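Asks: I am attaching a structure below and will ask some questions about it afterwards.
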Amino acid sequence: MALTQSGSGRDGWSSRTAFILAAIGSAVGLGNLVRFPAEAGANGGGAFVLFYILCIVLIGLPVLLSETLIGRHGQAAAPESFRKVAEQSGKSTAWEHVASLGVLSAFLVLAFYCVLGGWVLYYVGVFAGDLFTTGISGGAFSDMTVAEVEGLFPAMISNGTMTVMLNLVFLAVTVFFVSRGVSGGIEKVAVYLMPAFFVLLLGITIYGLFGGQMGRTLAYLFTFEPERLTGPVMLAAVGQAFFSLSLGVAGMVTYGAYVGRNVNLAGTSAIIAAADTAVALLAGLCIFPIVFAAGLAADGGLGLMFTTLPHAFQEIPGGSLLGLGFFVMVGFAALTSSVALMEVPTAWVSERFRFARPVAAGIVTFSAAVLGALSALSMGVLSGFHPLGFLPMFEGMGVLDTLDTLTGKITMPIGALLTSVFIGWVANKRLVDSENGLDGGLHLFWRFLVCWLCPIALTLILIVGIFPGVLGD
Ligand code: PHE
């Protein structure tokens, strides 16, 4: 394996920049492009978005720093890293189960994430087909009506054979990189593709600027109406912050374990959070003008990106080529995230059972393929199957939505809550301070956030989010 910075003889990132790009690669993905607009639309826009930004800064960032520092200190798969920190602090090693919960969540997210990755592949195929048949001049899908373009998405998700196959393809690409290890596989994807992705997204947002609906979009996304900030909206926002920053699934603990001692974790965490938030907001600014211009409903859910963007490309000259380029990039952004998601259970299986990395990755892939197939089919033939439908929060939800809600609104916030308690109250203070790279006022502020604000706010948000009745609304 290439140069190891972690100093422990394990595979590791080849430089600080490589770590930053890989962590941004993990953070930026379908969470920003598909889930963020869907959640913002479902929760009424402004109140959700502003609370989301607040959550990123006051809760997400301190937890991100906590996770990376546990990983770097432990230099091992996530549960092992938690155990080392607990042991060296003279505390119960049962704390490793916070990470076990994370490993489980990462696996559950992986299972439905790769289904969405498959959807992206479908659009890559559709745009490529259009490019070959109608050429580069004019917009994309010149021989289709707007309604026909809009109809592509529902037709695709209800075609179970196709979505299951595409899910398998996406999983196969993911496992290819994961089995090659950190510096030889995962890092390569991120270093080359993340910068290209940023440029294209910015380009489409600038196009939206001239599309006429930007004023309405800004008002929709940034007008704060406090009465809309209900318990479920707050839980959705905090859950989205974690999902987007890849927190609460021990993902950043796992990535942190490959970081060298010379890296300043606080500064790096801030860069990661800023880049991730910028992409989510850009995605909103790029998708909603098209939603409004096309007269579509803002609460179109996970299909929002897939129904609106093909519209835009229908009108832009050279649309098929640009559309193809865009969806290829979305695919890469999804890949750098799915690789991170698969890395968490793979590192655990391989270190816990002493399996070779490719074997561990194979086991994880097989299991994710099975659960993924159920998720894919839940948009079609299995749409009547509601596994947790007896609980009010999951009423009427198929497998895919159930996994999404269970992780994003329950297991990830709980994982993050326990991580903040662990770092704030359980881990040895000196050990924590030697890793976090903070001093002075910032250090005090961070301690306040992890010790007090994160645990209290997360507990309250979980309660009012899961049981909205307690607030009397
Ligand atoms: N943050 C990723 C996204 O927004 C998803 C993810 C979650 C990746 C957890 C890794 C771990 O798409």
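Asks: Rounded to the nearest 0.05, what FRET efficiency do Phe390 and Ala297 give with R0 = 25 Å and r taken as the Cβ-Cβ distance? Could you check?
Replies: Here the calculated transfer efficiency is 0.30.
Asks: Taking a ≥ b ≥ c as the square roots of the Cα gyration tensor eigenvalues, with a/c under 1.5 meaning rounded and otherwise prolate when a/b beats b/c, else oblate, which class fits the chain?
Replies: Prolate, since a/c reaches 1.5 and a/b exceeds b/c.
Asks: Computing the accessible area with a 1.4 Å probe over protein heavy atoms, can you report the carbon and sulfur percentage for the chain?
Replies: C and S atoms contribute 69 percent here.
Asks: Can I ask one more? What residues from region 252-277 fall in the zone where the backbone N is under 15 Å from a label point 7 Å along the Cα-to-C-beta line of Arg16?
Replies: So the set is 259-272.
Asks: Continuing with this model, one more query. Give the aspartates and glutamates reachable from Lys409 as a straight Cα distance under 12 Å; neighbours fewer than 8 places away on the same chain don't count.
Replies: Result set, ordered by chain and number: Glu39, Asp401.
Asks: While we're here: By how many nm would the segment from Lys429 to Ser367 grow when fully extended, if each residue of separation counts as 0.36 nm and the alpha-carbon distance is taken off?
Replies: 18.4 nm
Asks: Moving to a separate point now. Any idea how far apart Thr134 and Phe210 come out in nm if each label point goes 7 Å out from Cα toward Cβ?
Replies: So the two model labels end up 2.0 nm from each other.
Asks: Further question on the same structure: Name the aspartates and glutamates eligible as straight-distance cross-link partners of Lys84: C-alpha to C-alpha under 15 Å, and not fewer than 8 places from it in the same chain.
Replies: Correct list for Lys84: Glu67, Glu96, Glu351, Glu435.
Asks: Once label points are set 7 Å from the Cα along Cα→Cβ at both Val199 and Ser142, what is their separation, rounded to one decimal in nm?
Replies: For the pair Val199/Ser142, the computed spacing is 2.7 nm.
Asks: Classify region 350-425 as rounded, prolate or oblate from the Cα gyration tensor: take a ≥ b ≥ c as the square roots of its eigenvalues, call it rounded if a/c is under 1.5, otherwise prolate when a/b beats b/c and oblate if not.
Replies: Note, shape of region 350-425 comes out oblate.
Asks: Please list 420-429, 389-398 highest first by mean number of surrounding beta-carbon atoms within 10 Å per residue.
Replies: Listed from highest to lowest mean packing, they are 420-429, 389-398.
Asks: Assigning unit charges at the beta carbon (Lys, Arg +1; Asp, Glu -1) and nothing else, what dipole magnitude in debye, to the nearest 20, does the chain show about its Cα centre?
Replies: 1340 debye
Asks: May I ask for the distance between the Cα centers of region 347-380 and region 142-176, given as a whole number of Å?
Replies: Going from one Cα centre to the other spans 22 Å.
Asks: Ok, one more. Label point 7 Å out from Phe222 along Cα-to-Cβ: which residues of region 24-56 have amide N under 15 Å?
Replies: Residues 46-54 fall inside that zone.
Asks: Once you keep just the Cα pairs under 8 angstrom separated by 6 or more residues, what percentage relative contact order results for the chain?
Replies: Once normalised by length, the contact order is 34 percent.
Asks: Another one. 7 Å from Cα along Cα→Cβ at both His443 and Val381: what's the point-to-point distance in nm?
Replies: For the pair His443/Val381, the computed spacing is 6.1 nm.
Asks: Please work out whether region 125-171 counts as rounded, prolate or oblate from its C-alpha gyration tensor, where a ≥ b ≥ c are the square roots of the eigenvalues and a/c under 1.5 means rounded, while otherwise a/b larger than b/c means prolate and anything else oblate?
Replies: oblate
Asks: Right, something else. Hey, what's region 16-466 come to in accessible area per residue, 1.4 Å probe, Å²?
Replies: With all protein chains present, region 16-466 gives 35 Å² per residue.
Asks: Something else: Out of Leu438, Ala241, Phe306, whose Cα points farthest toward the positive end of the dipole of the chain (charges: +1 Lys, Arg; -1 Asp, Glu; placed on Cβ)?
Replies: Ranked along the dipole, the leading option is Leu438.
The values are calculated or read from the model by the stated rules, or taken from the named source; none is laboratory data. Bear in mind the structure is a predicted one, so any value in this text is a computation, not a measurement. When we count neighbours, we look across all protein chains shown, and the Cβ atoms used for this are built from the backbone with ideal geometry, even at glycine. Accessible surface areas use protein heavy atoms only, side chains included; no ligands, DNA or RNA. Shrake-Rupley method; radii C 1.70, N 1.55, O 1.52, S 1.80 Å.
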